[in-house]
Structures are given as C-alpha cells and as structure tokens.
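S.K.: One structure coming up, written as structure tokens, with questions to follow.
The values are calculated or read from the model by the stated rules, or taken from the named source; none is laboratory data. Worth saying up front: this structure is predicted, and the values here are computed from it rather than measured. Ideal geometry is used to build each Cβ from the backbone, glycine not excepted, and the neighbour counts take in all protein chains shown. Side chains are part of the model used for accessible areas, which takes the heavy atoms of the whole protein and leaves out ligands, DNA and RNA. Shrake-Rupley method; radii C 1.70, N 1.55, O 1.52, S 1.80 Å.
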Amino acid sequence: MTQTRRPANAITEGVIWQQLLKFFFPILLGTFFQQLYNTVDAMIVGKFVGKEALAAVGGATATLANLMVGFFTGLSSGATVIISQFYGARKHEEVSRTVHTAAAMTLAGGVIIMVLGLVFSPALLRMMGTPEDVLPGAITYIRIFFCGMVPSLIYNIGTGILRAVGDSRRPLYFLIAACMVNIVLDVLLVVGLEMGVAGAALATILSQLVSGTLITLTLIRSHDAYRLFPKKIRFHGDLLARVVRIGFPAGMQSVMYSLSNLIIQTAINGFGTNVMAAWTAYGKMDGLFWMTINAFGVAITTFVGQNFGAGKYERMRRSVRQCLLMAAIATVALSSFLLLMGGTLLRLFSGDEAVVTHGLQIVRTLVPTYFTFICIEVLSGAVRGTGDTLIPTLMTLTGVCLLRVIWISFVVPQHHELRTVLLSYPITWTITSVLFIVYYLKGGWMKRGMKNREA
C-alpha cells in the first residue's frame, strides 16, 4: 500500500477547531439517528400499546442490555485506539492486522452475549423488581433484542474502525438507512399488525441487520489499510493482548456504570409504573445530551490518538482545550432547550398526566446539572487516545459508580423520594470531574504514553 493512495491527513494537519467539528457533526448526527429509532420505538409503543409497554421497551430492558453489551463495546474501544494510532503513524500492516483481530473478537463476542442474554435476562429482570404488569413485555422485548446481537456489534466495531481512520460520514449514512427501516417496520409491525413490544423489538434487530451489512460491505470493498478480508479474520495474539490491555478497563467501566444504573433502575422501579414510564420517556430526551457529549468524546479520542501517533503533542493539547469549550457551549444550549420544552416533549411519549408530572420533576432536577459531566467525557476521551485507560477507569469507578451505589444504599432508604435518587447523578458527576481535571493537569498520563510510544 503506497502513501499516494491517501490524501493528507486533515486530523493531524488541518485547522483544529474546524477538523474537530467536521469529525464531530457526522458522529452527532449518527448518534441522533441511533437515538431516533430507539425513541420511535418508545413513542409508537407508548401511544399505541400503553404505558406498561413504554416501560417495557425502555427502563429495565435498556439498563440490562447496556450491562451486557457495554463490556464488549468498551473492550473493542481498545481496537479503535490502536487503529487510530497506527493510522496516524502510517503503519498500514499493523492497521490491517488490528482490523482482522477486532473482527474476530466481534463475532465471538456477539455469539457469547446473545446466549447469555437469552438465558439470564428474564431472571435479572425479576431481580430488578420489574413490576408484574411490565414484566411479560420486558422479557419478550429483551429476548428478541439479544437475537440481533451479532449484527449490532458488527455495526459498532465497523463504525469504530472507520472513525479511527477519520471517516465519520459513512457510518452516519448507514445509520440513517437503518433508522428509516426501523420507523417503517415500527409502523407496520406495532400499529398495522398489532404485534406490541415484539414488533418493536423485531423492527430494531432488522434495522441493525441493515446497518451491519452495509458497514461490512464498506470495509470489504475499501482500498485502504483498513480493508477487511473475511478469510483473514483471526486473532493475532500480540494485538489482541494490546486491545485487551487498553479496552478491558473501559469495558469494566461500562459494566460498573451499567451496574450502578441497574441499581438506580431498581430504585426507580420501586416507585411504580408511572415513574418507570416517566423515567423511560425522560431517558429518550436525555439522549439528546448524551449523544452530543459522547460525540465530543469520540471525536477527541480519535483526534488525540492520531496526533499522538504522529508525535504532535502540542496540537493534541490544543485540541483538548478547544473541544472542552465547544462541549460547554453545546451543553448550555441543550440544557436550555430541554428545560423550555420538557412538558411538550414528555407528552409525545405519554398522555398520562401522572407520567408527565413525574417526568417534569426528573427534567427539572437533572438537566440543570449536565455541565458537571463535560470534563469527564472530554478529558477521559483525550487520555484514552494515548492508550492510558486504567487510571481513568479507576477514577470513574470510584467517583461515579461506587459513590452512586453508596448513595442509593444508604442515603435513599433514609429519604425515600424520587428526588433523592436523582441527586446521585450530579453529586457523583461533580466529584469525578474534579478528579479528572486534577489528573489531566498533572500530566503523568502524557509521560506514560510517550514512553510506551517510544518503546
């Protein structure tokens, strides 16, 4: 593979803020459409089936799915970091070997998660205290969802590979196509054929099959270093070890996040179906913030990874400062919008006034505190771009997960109110943000990364 086949790498050479935004917006739009087809599921089920079905397709099932899928997603992020560094350093053979190792890991992981989900999810839903009027629909939805795990993970790893090399547009196009398929199938299966939550779940996995197929064909037909050759899919031991070393802490962080959210979901379930439905509806609105801040996190990880691989350390630091500023501006704008439009948005999911009332309480408690999460996402994304994952993971596990569990276990029983449960979020976000700011400014992560790169 000759270098003439590749244009100049804008991530390592262009104007920083412009390149960040060019990379950020396709990721943002991609996560928007991903959020959209999850939201459409909730809206159609909530309006045409009922609040019990709304609680079933969100709430407990979403938390459980994130628990099982999150570990693999975090683990595979190690491959994304390594590919971005090799690509920035123009090590084409290493890019190819990492891509095929990641593909093998995806196929094995998809099958394992599918089996575990089918076997254990009903028992876990019962352990979470899912209300009896919600439980049958939740079990149906989650079992069908796990049947589509392999194409879902294929799309996720394929997206990670393309973004690692600076291509955030094609994953967006594929997600738009999948979203359109999901919307059409939601209307056909839930409204037309009256299949309820089973129809929503089938629409989701069929749309994931579309996106997984499109991204696989793209990788197979590529002429760059990241081209996928199906016959070459295998584990390369040296690269697998590096992927696990970088990705395992992120995978464990995702699991701990999900476990802490599962504990919170269990506390939410204790307030009844109306609060569960309100929490599900708010979660779809809340997705506007998370898709935005996560897009900044993905953008800065790739940006830092490629510049780090190219040895452009000062450019890397400037990109972090500019990304923090842009994330802060976006957070203020989104928070204002959600506070202003909260009631209107909640009524898109349910006309039940009790659900809307609880939803507004959640919105007014959590939305004004979004700004406390900015540094966690951007700074952790930046240091992961250099391959430093262990200490950021430990800080997140302590500052967010452990403290959140302590709060739910000891504070909530003394003040058993919905607002007390909700306050676990801004309190833990603030503490963890302070930890990340101190860690980033001390700079030890940078020195370790440079030493590893030289080695």
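S.K.: Quick one: in the range 58-74, which of the residues that are among the β-branched types (Val, Ile, Thr) and open to solvent by 10 Å² or more (accessible area, probe 1.4 Å) is modelled with the lowest pLDDT? Steps first, please.
M.R.: The initial filter retains those residues of the range 58-74 that are among the β-branched types (Val, Ile, Thr), namely 61, 63, 69, 73.
Now restrict to residues that are open to solvent by 10 Å² or more (accessible area, probe 1.4 Å): 63, 69, 73.
Working: THR63: 67, VAL69: 74, THR73: 75.
That would be THR63.
S.K.: Also, quick follow-up: Of everything in the range 311-320, what is assigned to a helix (DSSP H, G or I) and open to solvent by 30 Å² or more (accessible area, probe 1.4 Å)? Give them in sequence order. Spell out the reasoning first.
M.R.: Just the residues of the range 311-320 that are assigned to a helix (DSSP H, G or I), to begin with: 313-320.
Correct list: TYR313, GLU314, ARG317, ARG318.
S.K.: Can you name every residue in the range 210-223 that is surrounded by fewer than 16 Cβ atoms within 10 Å (Cβ to Cβ) and in a loop (DSSP other than H, G, I, E, B)?
M.R.: Residue satisfying the conditions is HIS223 alone.
S.K.: When you scan the range 406-448, how many residues do you find that are outside any helix (DSSP H, G or I) and either open to solvent by less than 70 Å² (accessible area, probe 1.4 Å) or among the aromatic types (Phe, Trp, Tyr) (or both)? It would help to see each step written out before you state the result.
M.R.: So in the range 406-448, the residues outside any helix (DSSP H, G or I) come out as 412-417, 423, 443.
Still in the running and either open to solvent by less than 70 Å² (accessible area, probe 1.4 Å) or among the aromatic types (Phe, Trp, Tyr) (or both): 412, 423, 443.
Qualifying residue count for the region: 3.
S.K.: A further question follows. Has the range 323-339 got any residue that is out of contact with any strand residue (DSSP E or B) (no Cβ under 9 Å at 6 or more places or on another chain), among the small types (Gly, Ala, Ser), assigned to a helix (DSSP H, G or I) and within 23 Å of LYS442 (Cα to Cα)?
M.R.: Filtering the range 323-339 for residues out of contact with any strand residue (DSSP E or B) (no Cβ under 9 Å at 6 or more places or on another chain) gives 323-339.
Still in the list and also among the small types (Gly, Ala, Ser): 327-328, 330, 333, 335-336.
Then keep just the ones that are assigned to a helix (DSSP H, G or I); that gives 327-328, 330, 333, 335-336.
Narrowing further to those that are within 23 Å of LYS442 (Cα to Cα): 327-328.
Looking through the range 323-339, at least one residue is out of contact with any strand residue (DSSP E or B) (no Cβ under 9 Å at 6 or more places or on another chain), among the small types (Gly, Ala, Ser), assigned to a helix (DSSP H, G or I) and within 23 Å of LYS442 (Cα to Cα).
S.K.: Over 26 Å from ILE408 (Cβ atoms) and not basic (Lys, Arg): is that true of LEU214 in this structure? Spell out how you get there, then give the answer.
M.R.: Working: over 26 Å from ILE408 (Cβ atoms): yes; not basic (Lys, Arg): yes.
Answer is yes for this residue.
Residue-by-condition table, conditions (1) over 14 Å from GLY444 (Cα atoms); (2) in a helix (DSSP H, G or I); (3) without any contact (Cβ under 8 Å) to a residue 60 or more places away in the chain; (4) under 20 Å from the mean Cα position of the chain (by Cα):
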site	(1), (2), (3), (4)
LEU366	yes, yes, no, yes
ASP388	no, no, no, yes
PRO392	no, yes, no, yes
GLY399	yes, yes, yes, yes
ARG404	yes, yes, no, yes
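S.K.: Within the range 96-143, restricting attention to residues that are open to solvent by 70 Å² or more (accessible area, probe 1.4 Å), hydrophobic (A, V, I, L, M, F, W, C) and closer than 12 Å to LEU64 by Cα, which residue is modelled with the lowest pLDDT?
M.R.: To start, the set of residues in the range 96-143 that are open to solvent by 70 Å² or more (accessible area, probe 1.4 Å) comprises 107, 111-112, 115-116, 119-120, 126-127, 132-133, 136, 143.
Now drop any that are not hydrophobic (A, V, I, L, M, F, W, C), which leaves 107, 111-112, 115-116, 119-120, 127.
Still in the running and closer than 12 Å to LEU64 by Cα: 116, 120, 127.
Values: LEU116: 87, PHE120: 85, MET127: 77.
Filtering the range 96-143 for residues that are open to solvent by 70 Å² or more (accessible area, probe 1.4 Å), hydrophobic (A, V, I, L, M, F, W, C) and closer than 12 Å to LEU64 by Cα, the one modelled with the lowest pLDDT comes out as MET127.
S.K.: Just to be sure I understand, how many residues within the range 252-310 are buried (at least 23 other Cβ atoms within 10 Å of the Cβ) and not in a helix (DSSP H, G or I)?
M.R.: Qualifying residue count, the range 252-310: 0.
S.K.: Here are some residues: VAL367, VAL383, VAL363. Which one is at pLDDT 90 or above and within 30 Å of ARG321 (Cβ to Cβ)?
M.R.: On the way: VAL383 fails: at pLDDT 90 or above; VAL363 fails: within 30 Å of ARG321 (Cβ to Cβ).
Exactly one residue qualifies, and that residue is VAL367.
S.K.: Does ILE264 satisfy the criteria of being at pLDDT 80 or above and within 21 Å of VAL81 (Cα to Cα)? It would help to see each step written out before you state the result.
M.R.: Numbers: at pLDDT 80 or above: yes; within 21 Å of VAL81 (Cα to Cα): no.
No, not satisfied.
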